[in-house]
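The values are calculated or read from the model by the stated rules, or taken from the named source; none is laboratory data. If you're wondering where the values come from, they're calculated on a predicted model, not measured in any experiment. No Cβ is skipped: glycine too gets one built from the backbone with ideal geometry, and neighbour counts run over all protein chains shown.
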Ligand SMILES: Cc1cc2nc3c(=O)[nH]c(=O)nc-3n(C[C@H](O)[C@H](O)[C@H](O)COP(=O)(O)OP(=O)(O)OC[C@H]3O[C@@H](n4cnc5c(N)ncnc54)[C@H](O)[C@@H]3O)c2cc1C
């Protein structure tokens, strides 16, 4: 059984992000890229499923430029068996990413597909659900607990103030949330083994964007802080400013 895991290559949230000279993209210079953190839960769950069955093949897939191979390689070091890079250097909206993934998943006939719940770069939280719809697969999103017994898939989803328990069957797309598992670190042995694993490269399916990025801008700069005093004599002025200037009390 082939198990697909879709992974995005995202800027590390600790990186300083600047808008590119076109005003529409992120300037990649000086930015460290990582495996999307939610996708690590997806990789871990796929590996756990394979290990529990003692069979299967975990294939990690990414849509994007050559740089995404770095993220695929990290997933291989965690234990995935092989990778597929669906190459495209150009902007793709979420639907166009989903279409490329759906073509690949159909071709490899993976009936269990994992996604992160959200890509921490563009935050649309939609690629998994779109892919499921395009494939005609069942879909359970934001999963924090998963049990697969035979054809029965039972998942717990995080909802406002609690959890919802749901059941479905194969073929299925699962989108993973923090708390589902504790993603493993790549061991030195895993990192060495990953160098020999295959990453197949092929052009991503046709790119037809329905959404266009017209502008990207940074949030307005924060006002500089103000030191009113360093002892209790500053309290009356602090209270006045909180009331009259900040208007928070
Ligand atoms: C080369 C390239 C350049 C881009 N440039 C821009 C840009 O400048 N501005 C802009 O707004 N958008 C850009 N995008 C689009 C943006 O990167 C995608 O929408 C992004 O891949 C997913 O973000 P999302 O918020 O739609 O994902 P979400 O729906 O939040 O992601 C959910 C899950 O889907 C999976 N997933 C998401 N993306 C991918 C992927 N690429 N490959 C495999 N699995 C994936 C992951 O499992 C992820 O956890 C670009 C895309 C590409 C391929």
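Here are the criteria: (1) at pLDDT 95 or above; (2) loosely packed, with under 12 Cβ neighbours inside 10 Å. Tell me which single one residue 224 does not satisfy.
It is condition (1) that residue 224 fails.
Over 16 Å from residue 45 (Cβ atoms) and either modelled with pLDDT of 95 or more or within 12 Å of the ligand (Cβ to nearest atom) (or both): does that describe residue 160?
Answer is no for this residue.
Residue check, residue 228 against (1) without any contact (Cβ under 8 Å) to a residue 24 or more places away in the chain; (2) under 33 Å from the mean Cα position of the chain (by Cα), all met but one. Which one?
(2)
With 4, 77 as the choices, which residue is at pLDDT 95 or above, in contact with a helix residue (DSSP H, G or I) (Cβ under 7 Å, 6 or more places away or on another chain) and within 17 Å of residue 195 (Cβ to Cβ)? Talk me through it step by step, then tell me what you get.
On the way: 4 fails: within 17 Å of residue 195 (Cβ to Cβ).
None of the others qualify; the one that does is 77.
Among residues belonging to the range 53-66 that are touching a strand residue (DSSP E or B) at 6+ places or on another chain (Cβ under 8 Å) and over 19 Å from residue 105 (Cβ atoms), point out the one that is surrounded by the most Cβ atoms within 10 Å (Cβ to Cβ). Quick ask: steps written out before the conclusion?
Quick first cut of the range 53-66, residues touching a strand residue (DSSP E or B) at 6+ places or on another chain (Cβ under 8 Å) only: 56-66.
Keeping just the survivors that are over 19 Å from residue 105 (Cβ atoms) gives 65-66.
Numbers: 65: 14, 66: 10.
Restricting to residues being touching a strand residue (DSSP E or B) at 6+ places or on another chain (Cβ under 8 Å) and over 19 Å from residue 105 (Cβ atoms), the top hit is 65.
Return the only residue of 26, 105, 43, 3 being surrounded by 13 or more Cβ atoms within 10 Å (Cβ to Cβ) and within 16 Å of the chain's Cα centre (by Cα). Walk me through it before giving the result.
Working: 26 fails: within 16 Å of the chain's Cα centre (by Cα); 105 fails: within 16 Å of the chain's Cα centre (by Cα); 3 fails: within 16 Å of the chain's Cα centre (by Cα).
Step by step, each of 26, 105, 43, 3 is checked, and only 43 is surrounded by 13 or more Cβ atoms within 10 Å (Cβ to Cβ) and within 16 Å of the chain's Cα centre (by Cα).
Output the residues belonging to the range 21-44 that are more than 8 Å from the ligand (Cβ to nearest atom), in contact with a strand residue (DSSP E or B) (Cβ under 6 Å, 6 or more places away or on another chain) and touching a residue at least 24 places away in the same chain (Cβ under 8 Å). Walk me through how you get there before you give the answer.
The initial filter retains those residues of the range 21-44 that are more than 8 Å from the ligand (Cβ to nearest atom), namely 21-23, 27-35, 37, 40-41, 43-44.
Among the residues that remain, those that are also in contact with a strand residue (DSSP E or B) (Cβ under 6 Å, 6 or more places away or on another chain) are: 31, 33, 41, 43.
Across the range 21-44, the qualifying residues are 33, 41, 43.
Give me the pairs: first residue in the range 113-129 and more than 13 Å from residue 62 (Cα to Cα) and within 6 Å of the ligand (Cβ to nearest atom), second residue at pLDDT 95 or above and in a helix (DSSP H, G or I), beta-carbon distance under 6 Å, and six or more apart or on different chains, which are they?
Final answer for the pair search is 118/38; 124/94; 126/94.
Is it true that some residue in the range 93-100 is within 12 Å of the ligand (Cβ to nearest atom), touching a residue at least 24 places away in the same chain (Cβ under 8 Å), surrounded by fewer than 23 Cβ atoms within 10 Å (Cβ to Cβ) and not in a helix (DSSP H, G or I)?
Yes: one or more hits.
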